[in-house]
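Read the structure below first, then the notes.
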Amino acid sequence: MAYKFAYISVFGYPLIIYLGIAVITSLFATAAVPLLNKRRAKKIPVVWHFRLAGLTSTLALVHGITGIMAYL
C-alpha cells in the first residue's frame, strides 16, 4: 500500500521525486532569506526564515517517511 502511494505517477514521474524537488526548493528559499537581507535595502522579516525552515523540515520528514515506507 505504501509503495503505491510513494510511486503514484504525476505527469509521468513518481510523487516522491516531486517531494524531493519541493524539499530542495524550500531549503534554498530558507537559505536565501539571510543572504538577501545582507544585500537589500528592504529587509525580509526574520519570521519568514523560521516559517520556511518549518516548511522545509515538514517536507523533508514527509519525503523521508514516504521513501522509507516504499520499502517496508
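Would you check if residue 54 is surrounded by 11 or more Cβ atoms within 10 Å (Cβ to Cβ), assigned to a helix (DSSP H, G or I), in contact (Cβ under 8 Å) with a residue 60 or more places away in the chain and out of contact with any strand residue (DSSP E or B) (no Cβ under 8 Å at 6 or more places or on another chain)?
Details: surrounded by 11 or more Cβ atoms within 10 Å (Cβ to Cβ): yes; assigned to a helix (DSSP H, G or I): yes; in contact (Cβ under 8 Å) with a residue 60 or more places away in the chain: no; out of contact with any strand residue (DSSP E or B) (no Cβ under 8 Å at 6 or more places or on another chain): yes.
The answer is no for residue 54.
Could you please give the count of residues in the stretch 1-46 that are assigned to a helix (DSSP H, G or I), aromatic (Phe, Trp, Tyr) and free of Cβ contacts under 8 Å to residues at least 60 places away in the same chain?
Within the stretch 1-46, residues that are assigned to a helix (DSSP H, G or I), aromatic (Phe, Trp, Tyr) and free of Cβ contacts under 8 Å to residues at least 60 places away in the same chain number 2.
Tell me whether the stretch 20-35 contains one or more residues that are surrounded by 14 or more Cβ atoms within 10 Å (Cβ to Cβ) and over 18 Å from the mean Cα position of the chain (by Cα).
No, the stretch 20-35 contains no residue that is surrounded by 14 or more Cβ atoms within 10 Å (Cβ to Cβ) and over 18 Å from the mean Cα position of the chain (by Cα).
Rule-based calculations on the coordinates, nothing more; no lab input. Everything numeric here is computed off the predicted structure, so don't read it as measured data. Here the Cβ is made from the backbone with ideal geometry for all residues, glycine too, and neighbour counts use every protein chain on show.
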